[in-house]
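The values are calculated or read from the model by the stated rules, or taken from the named source; none is laboratory data. From a predicted model like this one, the values you see are computed outputs, not experimental measurements. Glycine gets a Cβ as well: all are built from the backbone with ideal geometry, and neighbour counts include every protein chain shown. When the accessible area is computed, the model is the full protein with side chains, heavy atoms only, and any ligands, DNA or RNA have been set aside. Shrake-Rupley method; radii C 1.70, N 1.55, O 1.52, S 1.80 Å.
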Amino acid sequence: MFDVISIGAATADIFIKSDSFYRSSRFISVKRSAKNEISESLICSGGGATNSATTFSRLGLKSAIVSLIGSDPLSQYIKKDLATEKIISLLAEKKHETTDYSVILVANDGSRSILTNRGSSRLENKHIPWSKLKTKWLYLTSLEGNLDLLEKIIGFARENEIKVSFNPGSRELSCRRQLLPLLKYLDFLLLNRFEAETLVDIDHKNSEFWEKLRKCAPLVAVTNGRLGAKILTPVDTYYSPIINTHPLDETGAGDAFGSAFVAALIYNHSLPEALSWGIKNSASVVSALGAKKGILSFKKNSHVT
């Protein structure tokens with residue numbers, strides 16, 4: 001029996017940080033034909049499933065991961081990181097296929113742009129080890145738009161009394177009419193502000209924005225970057241600002257928040273305490289390069305203020 005199983009993307013992430021990247025309110029760019037110095041770089045596993053599973057494991061929970069990877073050299077970074085973090089691998093592997101990977105350009109203020117190469121890693125029903133999904137929680141990240149699989153997973157969870165958290169990606173949100181009816185069966189829905197606006201199809205400044213979100217799922221979190229996060233229940237709203245920190249890389253902040261929040265729920269903490277766990281973990285993650293280096297352990301989480 002696991003405490004939580006993460007299902008979704010597993011990628012190889014290549015981080016490149018340079019003080020020579022030009023940044024504006026809309027762009028991170030480099031001069032044409034320029035030869036720029038790299039100040040820091042990193043190659044590691046990434047994707048919502050590996051990032052969340054790492055948080056769960058470091059916070060003392062028995063965690064596993066279900067993802068689809070290729071059989072190329074990049075897949076070895078994923079396997080190595082999972083083994084290091086003591087995460088049980090339920091990976092499916094496609095022979096002679098490439099693993100998804102991303103190149104992340106990180107500016108000196110921590111902002112980043114991500115270039116992603118999609119391999120053949122879209123999870124299908126045949127890739128899910130249904131008999132091995134013995135867990136208290138399922139933590140779902142993007143399924144690359146496979147809403148049929150999402151519906152099947154939710155149905156399986158309800159039949160087996162498993163709680164479900166979901167952080168949809170852009171491909172799920174692009175099918176919002178098919179997605180919305182499924183969300184009421186979740187136990188926790190995680191969105192950033194832009195995803196939330198897409199889901200309810202109105203701007204966050206609209207007076208109906210928060211009430212529409214509140215009706216999407218029994219428990220909803222909306223993160224808003226450096227403006228903090230809100231938790232919505234049918235009757236209550238909880239808010240927390242961010243912890244003041246100097247961001248080195250904003251990659252993985254949402255994964256860090258959502259997985260730490262769910263970890264706190266598994267430990268039967270209150271919603272305000274779960275919100276605090278999410279804020280602490282995301283603040284720590286953006287203080288280091290990559291989506292995993294800053295993830296808090298159980299001991300470190302209790303000492304962050």
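Each Lys or Arg adds one and each Asp or Glu subtracts one; over the other residues with Cβ under 13 Å from the Cβ of residue 130, this totals +2.
Which value, in debye to the nearest 20, describes the size of the charge dipole of region 159-205 about its Cα centre when Lys and Arg Cβ atoms bear +1, Asp and Glu Cβ atoms bear -1, and nothing else is charged? Using only the charged Cβ atoms, the result is roughly 140 debye. Local charge for residue 158 was computed over the other residues whose Cβ lies under 12 Å away, with Lys and Arg +1 and Asp and Glu -1, and equals -1. Only helical DSSP H runs with n ≥ 4 go in: add -39500 (n - 2.57) per run for the chain, normalise by residue count and round the 222 nm mean residue ellipticity to 500 deg cm²/dmol. Only helices count here, giving -8500 deg cm²/dmol. Sorted largest first by accessible area at a 1.4 angstrom probe radius, with every protein chain in place, the residues 277, 130 fall in the order 130, 277.
Take the Cα of residue 116, step 7 Å toward its Cβ, do the same at residue 245, and the gap between the two points is 2.3 nm. Spacing of the modelled spin labels on residue 24 and residue 170, each 7 Å from Cα toward Cβ, amounts to 2.0 nm.
In the chain, a dipole from Cβ-located charges (positive for Lys and Arg, negative for Asp and Glu) runs towards its positive end, and of 106, 125, 141 it is 106 whose Cα lies farthest in that direction. A 1.4 Å probe run over region 1-56, with the rest of the protein chains in place, finds 51 Å² accessible per residue. With the whole protein complex present, residue 236 retains an accessible surface near 70 Å², based on a 1.4 Å probe. Between the residues 64, 45, 25, the greatest Cα displacement towards the positive end of the dipole of region 1-88, with unit charges on the Cβ of Lys, Arg, Asp and Glu, is found for 25.
Given the pairs 126/152; 79/136; 230/280; 86/292; 132/163; 62/293, which are separated by over 18 angstrom at their Cα positions? Spell out each step's value before the answer.
Working: 126/152 12 Å; 79/136 24 Å; 230/280 14 Å; 86/292 14 Å; 132/163 16 Å; 62/293 20 Å.
Those over the limit are 79/136; 62/293.
Summing +1 for each Lys or Arg and -1 for each Asp or Glu among the other residues whose beta-carbon sits under 15 angstrom from that of residue 75 gives -1.
Placing unit charges on the Cβ atoms only, positive for Lys and Arg and negative for Asp and Glu, gives the chain a dipole magnitude near 240 debye about its Cα centre.
Can you tell me the length gained on complete extension of the stretch residue 134 to residue 235, counting 0.36 nm per residue apart and subtracting the Cα distance? All intermediate terms of the calculation are to be shown ahead of the outcome.
Numbers: separation 101, 0.36 × 101 = 36.36 nm, distance 3.20 nm.
That works out to 33.2 nm of additional length.
Residue-wise HN-Hα couplings along region 16-25, as the Karplus relation 6.51 cos²θ - 1.76 cosθ + 1.60 with θ = phi - 60° gives them from phi, are 10, 10, 8, 6, 8, 5, 7, 10, 9, 5 Hz; Gly and Pro carry x.
Give me the percent of DSSP beta bridges within the chain that run antiparallel, rounded to the nearest 5.
Working: 23 of 52 bridges.
So the antiparallel bridges in the chain amount to around 45 percent.
Reported to the nearest whole Å, the Cα centre-to-centre distance from region 1-59 to region 106-127 is 9. Taking a ≥ b ≥ c as the square roots of the eigenvalues of the alpha-carbon gyration tensor, region 201-305 is classed oblate because a/c is 1.5 or more while a/b is no larger than b/c. The computed Rg and Dmax of the Cα atoms in Å for the structure shown corresponds, within (1) 23.8, 86; (2) 18.1, 52; (3) 18.5, 58, to (3). Placing R0 at 41 angstrom, the Cβ-Cβ distance between residue 206 and residue 97 gives a FRET efficiency of 0.40 after rounding to 0.05.
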